[in-house]
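To start, the structure under review is shown below, and the notes come after it.
The values are calculated or read from the model by the stated rules, or taken from the named source; none is laboratory data. The structure displayed is predicted, hence computed values, not measured ones. Here the Cβ is made from the backbone with ideal geometry for all residues, glycine too, and neighbour counts use every protein chain on show.
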Amino acid sequence: MNADLRARLLYRTAALLGRLPWPVLKALADALAWTWVRANARESRVVRRNLELAYPGLDDAQRSTLHRRILRSTARQTFEMLRTWTRPPAQNLARLRERHGQDLYDQALASGRGVIVAAPHFGNWELLNQWLASRGKIAIVYRPPDSAAVDGFLQLARGGETVQQVRAEGPAVRQLFKVLKDGGAVGILPDQQPKMGDGVFAPFFGHQALTMTLVNRLAERTGAIVLYGWVERVGEDLDYALHVEPADPAVADPDPVVAATALNAGLERIARRDPTQYQWTYKRYTLRPPESGQANPYATARHPH
């Protein structure tokens, strides 16, 4: 079976699952989160270690409570995204009960200077993608998965006439420069750890994190407007609030460390709005500053007491 056919089968399976009533999907998600905790699964271990790093002031009881809430929220986000990917965008966008900063984005796009939307892994970033695509053409940068079938699935799930998916590889920078020079919009998830040599270390939740320099390089060289964008869940069900805010001008500073520090400060502020909606299952700190002598903190993650 070729990759294209496997991708279509994956999409059809996701669509069937995504059509289940939300109470059913929510129950499945909560069961998945419970299983992660009981089995001490990778997701559970990584979240626990990230909380030890990012929230050292919490006592064991507080951290345990937040740990379980994050896993439940993460599992629910997984099923929310299946729904988002496999339902008509207009139907999904109708779930945006609040829209903050929509005019700011429209004005930035109309300026002709180009727009960079820095979107953390917070809330429902796939719904944010659909909202951006509803306002005009958008180039979305993504890290291609190892599986060609999964990559094909993402092309189907995120595709559309106004969406250009750009693989985070060598030629990507040239494509993005062209989009911005033409006054277009680019969406970037900037809280992913780049390869050593493709970023700089800057503070994130009190620890040095290898941070991409793509945002500041694009902004500095093109003069594009940088905005933060995110869609957060409101309440227990499928209601959301859109937020678009201006980024600190320092994200375009010629000094990449200054720029990365400003970028991370904005991302951290968003994540702190509701820590349960941030993607704490991601190993953000595996690569350490060469001169620090620090080991990969996930290699020594503690097991639950």
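Once the range 175-188 is narrowed to residues that are in contact with a strand residue (DSSP E or B) (Cβ under 9 Å, 6 or more places away or on another chain) and in contact (Cβ under 8 Å) with a residue 60 or more places away in the chain, the residue that is surrounded by the fewest Cβ atoms within 10 Å (Cβ to Cβ) is Gly183.
Per-residue answers, yes or no, for (1) at pLDDT 95 or above; (2) in contact with an Asp or Glu (Cβ under 7 Å, 6 or more places away or on another chain):
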position: Arg76; (1), (2): yes, no
position: Thr86; (1), (2): no, no
position: Ala94; (1), (2): yes, no
position: Arg97; (1), (2): yes, yes
position: His100; (1), (2): yes, no
position: Tyr105; (1), (2): yes, no
position: Leu109; (1), (2): yes, no
position: Gly114; (1), (2): yes, no
position: Ala119; (1), (2): yes, no
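Looking at Arg83, is it touching a residue at least 24 places away in the same chain (Cβ under 8 Å) and over 19 Å from the mean Cα position of the chain (by Cα)? Considered against the rule, which asks whether it is touching a residue at least 24 places away in the same chain (Cβ under 8 Å) and over 19 Å from the mean Cα position of the chain (by Cα), Arg83 comes out as no.
Residues in the range 111-135 that are farther than 14 Å from Leu93 by Cβ and of a type outside the set (Phe, Trp, Tyr): 12 in all. Scanning the range 165-188 for residues that are assigned to a helix (DSSP H, G or I) and of a type in the set (S, T, N, Q) yields a total of 1. From the list Pro246, Pro297, the one residue that fits, being farther than 28 Å from Ile138 by Cα and at pLDDT 95 or above, is Pro297. The sole residue among Ala157, Ala172 that is of a type in the set (A, V, I, L, M), surrounded by fewer than 18 Cβ atoms within 10 Å (Cβ to Cβ) and within 30 Å of Ala15 (Cβ to Cβ) is Ala172.
Kindly indicate whether any position in the range 135-142 is surrounded by fewer than 16 Cβ atoms within 10 Å (Cβ to Cβ) and free of Cβ contacts under 8 Å to residues at least 12 places away in the same chain. Please lay out each step first, then the result.
Step one: of the range 135-142, the residues surrounded by fewer than 16 Cβ atoms within 10 Å (Cβ to Cβ) are 135-136.
If we keep only those that are free of Cβ contacts under 8 Å to residues at least 12 places away in the same chain as well, we get none.
Within the range 135-142, none of the residues are surrounded by fewer than 16 Cβ atoms within 10 Å (Cβ to Cβ) and free of Cβ contacts under 8 Å to residues at least 12 places away in the same chain.
Filtered by the rule that a residue be without any contact (Cβ under 8 Å) to a residue 40 or more places away in the chain and either closer than 20 Å to Gln277 by Cα or in contact with a Phe, Trp or Tyr (Cβ under 8 Å, 6 or more places away or on another chain) (or both), the range 3-30 gives Pro23, Ala27. Being out of contact with any strand residue (DSSP E or B) (no Cβ under 9 Å at 6 or more places or on another chain) and either under 27 Å from Met1 (Cα atoms) or without any contact (Cβ under 8 Å) to a residue 24 or more places away in the chain (or both), is that true of even one residue in the range 72-79? So far as the range 72-79 goes, yes, one or more of its residues are out of contact with any strand residue (DSSP E or B) (no Cβ under 9 Å at 6 or more places or on another chain) and either under 27 Å from Met1 (Cα atoms) or without any contact (Cβ under 8 Å) to a residue 24 or more places away in the chain (or both).
Going residue by residue through the range 88-100, is there one that turns out to be surrounded by fewer than 18 Cβ atoms within 10 Å (Cβ to Cβ) and closer than 30 Å to Gly206 by Cα? Yes: the range 88-100 contains one or more residues that are surrounded by fewer than 18 Cβ atoms within 10 Å (Cβ to Cβ) and closer than 30 Å to Gly206 by Cα. Residues that are of a type in the set (A, V, I, L, M) and in contact (Cβ under 8 Å) with a residue 24 or more places away in the chain within the range 91-115 comprise Leu93, Leu96, Leu104, Ala108, Leu109, Val115, listed in sequence order. Screening the range 1-35 for residues that are small (Gly, Ala, Ser) and in contact with a helix residue (DSSP H, G or I) (Cβ under 6 Å, 6 or more places away or on another chain) and picking the one that is farthest from Thr84 (Cα to Cα) gives Ala3. Are any of the residues in the range 281-290 out of contact with any Phe, Trp or Tyr (no Cβ under 7 Å at 6 or more places or on another chain), in contact (Cβ under 8 Å) with a residue 40 or more places away in the chain and within 17 Å of Gly123 (Cβ to Cβ)? Scanning the range 281-290 turns up at least one residue that is out of contact with any Phe, Trp or Tyr (no Cβ under 7 Å at 6 or more places or on another chain), in contact (Cβ under 8 Å) with a residue 40 or more places away in the chain and within 17 Å of Gly123 (Cβ to Cβ). Taken together, the residues in the range 185-218 that are within 16 Å of Tyr278 (Cα to Cα), at pLDDT 95 or above and touching a Ser or Thr at 6+ places or on another chain (Cβ under 9 Å) amount to 3. Within the range 1-59, the set of residues being among the acidic types (Asp, Glu) and within 23 Å of the chain's Cα centre (by Cα) comprises Asp30, Glu43, Glu52.
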